Amino acid sequence: MTSGAPGVVVVGGGQAGFSVASTLRASGYDGPVTVFAAEPHLPYQRPPLSKKAHTDHDDLRVSLVPETFYGERDIGLRLGDDVVALDPAARTVRTRSGMSVPYAHLVLATGARNRPLPVPGADLDGVHALRSLDDALAIGRALTTARDVVVIGGGFIGLELARVARARGAGVTVVELTDRLLSRALSAEVEAHVRERHERAGVRILTGTAVRALEGSGRVERVVTSDAVLPAGLVVYGIGAAPRDELARDAGLAVDDGVLVDEQLRSVSDRRISAVGDCARHPHPHAAGPVRLESVQNATDQGVLVGRRIAGQPPAPYESLPWFWSDQGDIKLQIAGLRAPSDDVRLAVGDSPERLAAYAFRDGLLVAVETLNWPAEHLAARRLLERRTPVTAADLTGTTLGALARARRAAEVRA
Ligand SMILES: Cc1cc2nc3c(=O)[nH]c(=O)nc-3n(C[C@H](O)[C@H](O)[C@H](O)COP(=O)(O)OP(=O)(O)OC[C@H]3O[C@@H](n4cnc5c(N)ncnc54)[C@H](O)[C@@H]3O)c2cc1C
């Protein structure tokens, strides 16, 4: 299957790197494909890590595919060997183990890393960030005994983990610096409901509160905030992520909070290098300027696009509709499209008070939909937004997107 010539080197064995490698083979690429993965684990999915508490690997089962998948497709998987340098002029990468590997095409799929917690005591035992399988196992083990859990950061991962800890019987406080939860991702209209549901489940939420220090002798015992001192046997922080774009930056490629790529996801500095997933900043028809998205949909779809292009299929611009989900205890939050802060948001209640949708309009047209516990409305939103079917606020008076989509389909059939 492989030839002696340099093939495709993928840096990063996560969701996006896996998508590139598997798509290359599915699309008939028969040159060498090598994935360098810093972590020692088979490529795995991260969403389950914050949605349940796990204490051992067997329990978790997050691998994207079994190990045999790679051998059967002649995909070289170099686990635990990260790429430490890139030389675009020589078209080679150097790995930690000392290999110099030539490439015909390089794909950067290095993901993102958690922003560190910039307060004294952040290095105490019992203080965790959550990104990797190993982080999740350490937190899962800590949750078997922790009574007081403080979650720093009211973002998706923090809130998911807060509900996991609550379900384990721990007392949980979420400390958020800004005046609302999920402030970067969610409309204020939906946030109010999310907050109310978490509080109803017994999660204490402190917004507009800064963490000043973590204290304890060796192990964390207290979180000192701008207003109070909170007892803490376990602290988990999730205060945002930064792209792992240093390989590209050090190699002289254009980088601006992510590797800058064009609409085909090629580095704007070097057409033989692509970047996909959390580490890439790309143009998108749904966004005003280049965006960097952190989601499974984005990582997967970008990997497919690049894999197909390198395999020789006609190049296409990246236009996939962004969508996202987050499971937080009894809340299933789903987002389709990209909302801007200036969009008009209209809230609608479904056929039960647990179901909510927020429709975001820009220049009079629907651009994004946030739903709570209403998967059918989310799917209808995806279908309509993907097809760029124009939907106005008037179209949605007294009806739902699901009903609107059905009515429009019926009209198409009649016509
Ligand atoms: C706890 C958690 C829960 C999440 N839940 C959801 C969810 O519910 N829904 C959703 O849509 N998204 C969710 N996400 C986001 C989603 O998982 C990411 O957007 C997705 O994994 C991005 O894929 P990626 O391949 O770009 O990065 P990653 O999956 O992070 O993979 C990048 C890999 O590259 C490796 N790497 C980095 N540098 C090098 C190097 N120099 N050499 C070799 N390897 C390197 C890293 O170690 C890492 O394994 C979640 C993320 C986390 C952390």
Residues that are away from the ligand (no atom under 12 Å from the Cβ), in contact with a strand residue (DSSP E or B) (Cβ under 6 Å, 6 or more places away or on another chain) and outside any loop (DSSP other than H, G, I, E, B): does region 92-99 have at least one? yes
Give region 187-217 a look and list any residue that's of a type in the set (A, V, I, L, M, F, W, C), at pLDDT below 95 and buried (at least 20 other Cβ atoms within 10 Å of the Cβ), or say none. Val190
Out of Ala405, Ala380, which single residue is farther than 22 Å from Val194 by Cβ, in a helix (DSSP H, G or I) and open to solvent by less than 60 Å² (accessible area, probe 1.4 Å)? Ala405
Among the listed residues Val304, Val296, Val259, which satisfies the condition of being open to solvent by 30 Å² or more (accessible area, probe 1.4 Å), more than 10 Å from the ligand (Cβ to nearest atom) and among the hydrophobic types (A, V, I, L, M, F, W, C)? Val304
Condition check: more than 24 Å from the chain's Cα centre (by Cα) and away from the ligand (no atom under 16 Å from the Cβ). Does Leu356 satisfy that? no
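Residues checked against (1) surrounded by 20 or more Cβ atoms within 10 Å (Cβ to Cβ); (2) in a strand (DSSP E or B); (3) of a type outside the set (Val, Ile, Thr):
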position: Leu321; (1), (2), (3): yes, no, yes
position: Leu333; (1), (2), (3): yes, yes, yes
position: Ala336; (1), (2), (3): yes, yes, yes
position: Pro353; (1), (2), (3): no, no, yes
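Any chance you could count how many residues in region 209-256 are among the hydroxyl-bearing types (Ser, Thr, Tyr) and closer than 25 Å to Val11 by Cβ? Spell out the reasoning first.
Within region 209-256, the subset among the hydroxyl-bearing types (Ser, Thr, Tyr) is 209, 217, 225-226, 237.
From what is left, the residues that are closer than 25 Å to Val11 by Cβ are none.
Residues that pass the stated criteria total 0.
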Within the bounds of region 220-241, is there any residue that is of a type in the set (A, V, I, L, M), surrounded by 13 or more Cβ atoms within 10 Å (Cβ to Cβ) and within 22 Å of Phe36 (Cβ to Cβ)? yes
Of the conditions (1) more than 20 Å from the chain's Cα centre (by Cα); (2) crowded, with 22+ Cβ neighbours inside 10 Å; (3) of a type in the set (Ser, Thr, Tyr), Thr110 fails just one. Which one is it? (1)
Return the residues of region 1-20 that are near the ligand (Cβ under 6 Å from one of its atoms), open to solvent by less than 20 Å² (accessible area, probe 1.4 Å) and touching a helix residue (DSSP H, G or I) at 6+ places or on another chain (Cβ under 6 Å); say none if nothing qualifies. Ala16
In region 113-142, anything in contact with a helix residue (DSSP H, G or I) (Cβ under 6 Å, 6 or more places away or on another chain) and either surrounded by fewer than 17 Cβ atoms within 10 Å (Cβ to Cβ) or not in a strand (DSSP E or B) (or both) is listed as Leu130, Ala136
How many residues are closer than 17 Å to Val65 by Cα and open to solvent by less than 30 Å² (accessible area, probe 1.4 Å) if we restrict to region 21-32? 5
How about region 192-213: which of its residues are in contact with a helix residue (DSSP H, G or I) (Cβ under 7 Å, 6 or more places away or on another chain) and either of a type in the set (A, V, I, L, M) or closer than 13 Å to Thr178 by Cβ (or both)? Ala201, Val203, Ile205
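The values are calculated or read from the model by the stated rules, or taken from the named source; none is laboratory data. Quantities reported herein were computed from a predicted structural model and do not represent experimental measurements. Reconstructed Cβ throughout: ideal geometry from the backbone, glycine too, with neighbour counts over all protein chains shown. Quick note on the areas: whole protein, heavy atoms, side chains included, nothing else; ligands and nucleic acids left out. Shrake-Rupley method; radii C 1.70, N 1.55, O 1.52, S 1.80 Å.
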